[in-house]
Amino acid sequence: MARSLGIGIIGAGNISSTYLNLAPLFKGIKVQAIADINAAAAQHRSGEHGIEARSMDALLASDDVDIVVNLTVPDAHFDVSKQILSAGKHLYSEKPLTLSLKDGLELQKLAEKKKLKAGCAPDTFLGGAHQLARKLVDDGEVGTITSGTAHVLSHGMEHWHPNPDFFFRPGGGPILDLGPYYIANLVNLIGPVRRVAALTSMASTTRTISSFPRKGEVIDVTTPTTIQALLEFASGATVTLSASWDVWAHHHPNMELYGTDGSIFLPDPNFFGGEVKLAKPGKKVKPVKAWSHPFGIANQKHAAGMMANYRTAGLADMAAAIIEGRDIRCSLERALHGVDVMVSILRSGEEKKFIDIRTSCSRPEALGIKDAKSLLKKP
């Protein structure tokens, strides 16, 4: 099999710049073309990155494209992903995979029928910080994980995103938009979820955009914006997850895991890097010595300083997995389980009861230093 796979992108919005900027870091993939329902948007990205702009039909029929990346808005994910698989192309989707378990199961069935591979973001759990935490768990540094907490709290996207509408519609909200990062990392660290319960609400039925170019425009809120959830894992561990876009400020940590022999403190699962801390019985919390994981090295300047950003790592791992005939770390199976967990959380909020999770999955294989370097062009 070829040692490199051609990549086509459908969706030329905000996130496409991230993929196009970072894809050149990785070997085994080469972006060939981009398409968008708005041809002008595809042409704009084409000019920025020196790739070809094609119609969606042309891209799906292209012989030089092996994997198509779906970067459309969430409520278009299912339809576009179905077209990609139907065209005989491997699929890699931005999160969430779909907005319902039914649609996700249909994609899984179609991929199996077509003998195609499918993967899905997020891939941030492959970051140096989260893989360091994974190593601590696997090495038994904190014994058996029994419980934990996770918090993703802010005041939403209308303050910075140019078109924030979809964040506040069904398919958006903090669970389906940001929950994938947290759930994927919890599955990475603990394993699959058995059942969930939740309380959901929204602070306001409207939001006023404060970012340009639509500053001052009022948009409707039609999905819960505050979710307090309880996750019970197949292992027996229980984790509370608080996700809200109704919070102006807080002091909650992003993620903590409590084991029989200590506790692990993790940085934001929305990012690749950050500091991991550890507390052993009777000892103070101390930073864990940083390791030389390539996906933890700061490579981008942000308002808060230099940060590690290696989005597209999941796509590169998928391409390598196809070439090598192994499991995809950001697999359809795990993304489907994540969808099941998220929609069950929202359903629990509506029905006021525990919801059993229908799907399951294995933990992804850990991505150590050597394996991470093998995905890069210049390790």
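The values are calculated or read from the model by the stated rules, or taken from the named source; none is laboratory data. Worth saying up front: this structure is predicted, and the values here are computed from it rather than measured. Counting neighbours? That spans all protein chains shown, and the Cβs are built from the backbone with ideal geometry, glycine included. SASA here: full protein model, heavy atoms, side chains in, ligands and nucleic acids out. Shrake-Rupley method; radii C 1.70, N 1.55, O 1.52, S 1.80 Å.
Consider LYS113 carefully, then state whether it is closer than 30 Å to ILE357 by Cβ and either part of a loop (DSSP other than H, G, I, E, B) or β-branched (Val, Ile, Thr) (or both).
Judged against the criteria, LYS113 is not a match.
From SER93, SER62, grab the single residue that is among the polar types (S, T, N, Q) and either without any contact (Cβ under 8 Å) to a residue 24 or more places away in the chain or more than 16 Å from ALA12 (Cβ to Cβ) (or both).
SER62
One residue is enough: does the stretch 311-318 have a residue meeting the conditions under 18 Å from the mean Cα position of the chain (by Cα), crowded, with 16+ Cβ neighbours inside 10 Å and assigned to a loop (DSSP other than H, G, I, E, B)?
Yes, there is a match, as at least one residue in the stretch 311-318 is under 18 Å from the mean Cα position of the chain (by Cα), crowded, with 16+ Cβ neighbours inside 10 Å and assigned to a loop (DSSP other than H, G, I, E, B).
Does ALA366 qualify as being surrounded by 13 or more Cβ atoms within 10 Å (Cβ to Cβ), touching a residue at least 60 places away in the same chain (Cβ under 8 Å) and assigned to a helix (DSSP H, G or I)?
When the stated conditions are applied, ALA366 does not pass them.
Would you be able to tell me the number of residues in the stretch 40-57 that are within 21 Å of HIS77 (Cβ to Cβ) and among the aliphatic types (A, V, I, L, M)?
Summing the residues that are within 21 Å of HIS77 (Cβ to Cβ) and among the aliphatic types (A, V, I, L, M) in the stretch 40-57 gives 3.
So, in the stretch 193-211, of the ones that are open to solvent by 20 Å² or more (accessible area, probe 1.4 Å), hydroxyl-bearing (Ser, Thr, Tyr) and part of a loop (DSSP other than H, G, I, E, B), which residue ends up nearest to THR240 (Cα to Cα)?
Taking the candidates together, the pick is SER204.
Just the residues that are surrounded by 14 or more Cβ atoms within 10 Å (Cβ to Cβ) and of a type in the set (D, E, K, R), please, taken from the stretch 236-276.
Hits for the stretch 236-276 are ASP246, GLU256, ASP268.
Which pairs do you get when a residue that is over 20 Å from VAL239 (Cβ atoms) and modelled with pLDDT of 95 or more, found in the stretch 192-210, comes within reach of a residue that is open to solvent by less than 70 Å² (accessible area, probe 1.4 Å) and in a strand (DSSP E or B), reach meaning Cβ atoms under 6 angstrom, with the pair 6+ apart or on two chains?
Once the first residue is over 20 Å from VAL239 (Cβ atoms) and modelled with pLDDT of 95 or more and sits in the stretch 192-210, its partners that are open to solvent by less than 70 Å² (accessible area, probe 1.4 Å) and in a strand (DSSP E or B) give SER201/THR226; ARG207/ILE219.
When only residues in the stretch 277-308 that are open to solvent by less than 20 Å² (accessible area, probe 1.4 Å) and in contact (Cβ under 8 Å) with a residue 60 or more places away in the chain count, which is nearest to GLY368 (Cα to Cα)?
The extreme case among them is HIS293.
Please count how many residues of the stretch 161-175 are part of a helix (DSSP H, G or I), at negative phi and open to solvent by less than 20 Å² (accessible area, probe 1.4 Å).
4
What do you reckon, is PHE272 touching a Phe, Trp or Tyr at 6+ places or on another chain (Cβ under 9 Å) and in a helix (DSSP H, G or I)?
For PHE272, the condition - touching a Phe, Trp or Tyr at 6+ places or on another chain (Cβ under 9 Å) and in a helix (DSSP H, G or I) - is not met.
Can you name the residue in the stretch 98-143 that is more than 25 Å from PHE271 (Cα to Cα) and of a type in the set (Lys, Arg) and, of all such residues, is surrounded by the fewest Cβ atoms within 10 Å (Cβ to Cβ)?
Selected residue: LYS115.
May I ask you to verify whether GLU158 is open to solvent by 10 Å² or more (accessible area, probe 1.4 Å), farther than 30 Å from TRP291 by Cβ and over 20 Å from the mean Cα position of the chain (by Cα)?
No: the conditions fail for GLU158.
Every residue in the stretch 182-192 that is in contact with a helix residue (DSSP H, G or I) (Cβ under 8 Å, 6 or more places away or on another chain) and either open to solvent by less than 20 Å² (accessible area, probe 1.4 Å) or small (Gly, Ala, Ser) (or both), please.
ILE183, ALA184, ASN185, VAL187, ASN188, LEU189 - these are the residues of the stretch 182-192 that are in contact with a helix residue (DSSP H, G or I) (Cβ under 8 Å, 6 or more places away or on another chain) and either open to solvent by less than 20 Å² (accessible area, probe 1.4 Å) or small (Gly, Ala, Ser) (or both).
May I ask you to verify whether ALA303 is within 24 Å of PRO364 (Cβ to Cβ) and either over 20 Å from the mean Cα position of the chain (by Cα) or not polar (S, T, N, Q) (or both)?
Answer is no for this residue.
Condition (residue is under 17 Å from the mean Cα position of the chain (by Cα), under 19 Å from VAL187 (Cβ atoms), crowded, with 24+ Cβ neighbours inside 10 Å and of a type outside the set (D, E, K, R)) applied to the stretch 348-363: is it met by at least one residue?
No, that holds for no residue.
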